[in-house]
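This report refers to the structure that appears directly beneath it.
The values are calculated or read from the model by the stated rules, or taken from the named source; none is laboratory data. Predicted, not measured: the structure shown is a model, and the values here were computed from it. Backbone-built Cβ (ideal geometry, glycine too); neighbour counts: all protein chains shown. When the accessible area is computed, the model is the full protein with side chains, heavy atoms only, and any ligands, DNA or RNA have been set aside. Shrake-Rupley method; radii C 1.70, N 1.55, O 1.52, S 1.80 Å.
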Amino acid sequence: MPASVLWRPKVIPKRLDFTQMDPELAADIGQFTHDPFGYVMYCFPWGKPGTILAKKRGPRAWQAKILKRIGEKLRAGAADAGEVIREAVASGHGVGKSALVSWLIKWAMDTCVDTRGVVTANTQTQLLTKTWPELSKWHNLSLTKAWMNLTATALISNMPGHEKDWRFDAVPWSQTNTEAFAGLHNEGKRLLLIFDEASAIIPKVWEVAEGALTDADTEIIWCVFGNPTRNTGDFHGCFHKKKHVWTCTQVDSRTCEGINLVQINKWIRDYGEDSDFVRVRVRGVFPRAGSLQFIANDDVRAAMERPCQGYELQGKVLGVDVARHGDDQSCIVRRQGRKVWPMKRYRIRDLMQLASRVAEEIEAFQPDMVFVDATGMGWGVVDRLHQMGYKQVVGVQVGEKPHDESRYRKLRDELWGRLRDAILDGLSLPDDPELETDLTAPEYGFDDRQRYVMESKEDMKERGLASPDAADALAVSYFAPVGPTRSKRETWRKRISARAKKQGKGGATALSR
């Protein structure tokens, strides 16, 4: 019999109503009210042939340690003493954070009537495409699947009359919706709060969450997980200035069973053992240089809200990124000086069809230069455009050496550096959520010569992120400075001169001054 059955706290969560469900299963699950590790071992089909857990014997060592520690604190009377159980986990990539989040949610909901809880993440995309699908997987594997209804954003008790009080919600936060946690109270019962990818969650959300954890005689558990991408902020503070109130765990990916060491060794070769990228993505250690995000969200948002003037006399350029895989998009972007027009996106596998689309853009926009990322299949597009007579088309091999080898390892790294500089220097971007994601998703590191190394598309996909095709198209437009062709300069001079003459200002003389 689990130790939790022998312990009798002052605060006793309401036991399960055996009459509303399988009495034998409810009795067994009820024994794990303060034993999350025991619950996980009992509720899922570890080692059962024909299931995805057939070759698994239980949680990884670090996961088991946290589950057991939470149970020990509960049995020791944390709730009686008014203590909020706080667990902070900083880890490398692929260690199983989302699985542990799912187990905690399932355990909390199944073992205490009228449990309330919320999980949030750094982005709505992370929450709804990573965190919640992982919960769905474990919910469907569990013995207690019939007890709860899993919707797109909530896990809700099926017990009649408890739909509003016995539930766990996925709640995205935003700059204008920080109060989503303000009403999160559950006095006398159990409250579970989870932050996933916590490094990027803004201070205001942490502040509001703190205010919700004030109920007396309540089991309150707050767990925060993430890659340690920033050396500032509240998640960083859990491991430093607030370490006295958080129990902290740092997990090196290489210590976990079942990790893809081939990929990890590639990262170490590419970025260096002690690079910030490896520190964050492998070792679970906070970076030296701050955020690993190459282009900041605030800078992109400012560029999308920025009007643009005075670009009309600048050179026109098209940037083209050619899709390499089935789930990628080919993108074409128009840019004139600091002005960027909305993206054109295509899912076209036929290179001749894609070349035709680029040709249509050339005819419509009349660019001075067209830069095409020719890596891999892109040369087919370049060759076809040359055959069609478009001599201003240039193929760009982004994997080649950069112009500035002292700062960048490859040309792609340098092009992204130029793009970031342009954004900071007043570039005006279209209001495009997909472009915003593409620009802000890639991270960076430094090689052994302390040169910038942009995260590759392949590495981003290993993290579950889409290829930043639109941003790559924009970056390649900075391959070389582009001024207007001579014929266009003459056209503009004539136009300005004619306008000046019409206004009686001596156009040619005025223009030459």
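Data for the structure
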quantity: Spin-label pair TYR311/GLU400, simplified geometry with 7 Å Cα→Cβ offset, distance in nm; calculated: 2.8 nm
quantity: Sites ASP165 and ARG407, calculated FRET efficiency, Cβ-Cβ separation with R0 60 Å, nearest 0.05; calculated: 0.55
quantity: Separation of the ASP217 and ASN260 label points, Cα + 7 Å toward Cβ, nm; calculated: 5.1 nm
quantity: Acute angle (nearest 10 degrees) that the helix 61-75 long axis makes with the longest principal axis of the chain, alpha-carbon atoms; calculated: 50 degrees
quantity: Heavy atoms of TRP46 accessible to a 1.4 Å probe, total area in Å² rounded to 10; calculated: 50 Å²
quantity: Listed residue pairs exceeding 28 Å between alpha carbons, taken from LYS97/LYS242; LYS48/LYS189; LYS164/LYS243; LYS339/LYS391; LYS137/LYS243; calculated: LYS48/LYS189; LYS164/LYS243; LYS137/LYS243
quantity: Whichever aspartates and glutamates have a C-alpha closer than 20 Å to that of LYS56, once near sequence neighbours (fewer than 8 apart) are set aside; calculated: GLU134, GLU257
quantity: For the chain, accessible area per residue (1.4 Å probe, heavy atoms of protein chains only), Å²; calculated: 44 Å²
quantity: Nearest-ten-degree value, helix 203-212 long axis tilted from longest Cα axis of the chain; calculated: 20 degrees
quantity: Label selected from (1) 23, 58, 18, 1; (2) 20, 44, 26, 9, 2, 0; (3) 22, 47, 25, 6, 0, the criterion being P(r) over Cα pairs in 20 Å bins from 0, in percent as computed here; calculated: (2)
quantity: Convex hull volume of segment 287-438 per residue (C-alpha atoms, cubic angstrom); calculated: 133 Å³
quantity: Hz values of 3J(HN,Hα) by residue in segment 143-157 - Karplus curve (6.51, -1.76, 1.60), Gly and Pro given as x; calculated: 5, 9, 3, 6, 6, 10, 9, 9, 9, 5, 9, 8, 10, 10, 5
quantity: Mean residue ellipticity (222 nm) of the chain, computed from DSSP H runs ≥ 4 via -39,500 (n - 2.57), nearest 500; calculated: -10000 deg cm²/dmol
quantity: Cross-link table LYS130/LYS461; LYS106/LYS130; LYS316/LYS344; LYS266/LYS410, entries beyond 18 Å C-alpha to C-alpha; calculated: none
quantity: Accessible heavy-atom area order of ARG190, ARG420, ARG384, highest first, probe of 1.4 Å; calculated: ARG384, ARG420, ARG190
quantity: Probe 1.4 Å, all protein chains present, accessible-area order of LEU313, LEU435, largest first; calculated: LEU313, LEU435
quantity: Nearest 10 degrees, 0 to 90: helix 486-502 Cα axis against the chain principal axis; calculated: 80 degrees
quantity: Computed over segment 25-83, Cα set: Rg, Dmax in Å; calculated: 13.6, 45
quantity: The chain, dipole about Cα centre (Lys/Arg Cβ +1, Asp/Glu Cβ -1), debye to the nearest 20; calculated: 1640 debye
quantity: Nearest-10 value in Å² for the accessible area of LEU100, using the 1.4 Å probe; calculated: 0 Å²
quantity: Protein accessible area in the chain, 1.4 Å probe - carbon and sulfur %; calculated: 50 percent
quantity: Beta bridges by DSSP in the chain, antiparallel share as percent, to the nearest 5; calculated: 35 percent
quantity: Net charge over other residues, Cβ less than 11 angstrom from the Cβ of LEU427 (K, R count +1; D, E count -1); calculated: +3
quantity: Segment ASN140-MET41, length gained on full extension (0.36 nm per residue, minus Cα span); calculated: 34.1 nm
quantity: Karplus-derived 3J(HN,Hα), 6.51/-1.76/1.60, for each residue of segment 110-125, Hz, glycine and proline x; calculated: 7, 10, 8, 4, 6, 5, 10, x, 9, 10, 10, 9, 5, 9, 5, 4
quantity: GLU305 accessible area, assembled protein chains, probe 1.4 Å, Å²; calculated: 130 Å²
quantity: Solvent exposure ordering (accessible area, 1.4 Å, most first) of TYR452, TYR444; calculated: TYR452, TYR444
quantity: 5 angstrom amide H check on ASN231, placed H, neighbours 5+ away; calculated: GLY290, SER291
quantity: Segment 215-229 - phi-based ³J(HN,Hα) in whole Hz, Karplus 6.51/-1.76/1.60, Gly and Pro as x; calculated: 5, 7, 6, 10, 6, 10, 10, 10, 10, 10, 10, x, 7, x, 7
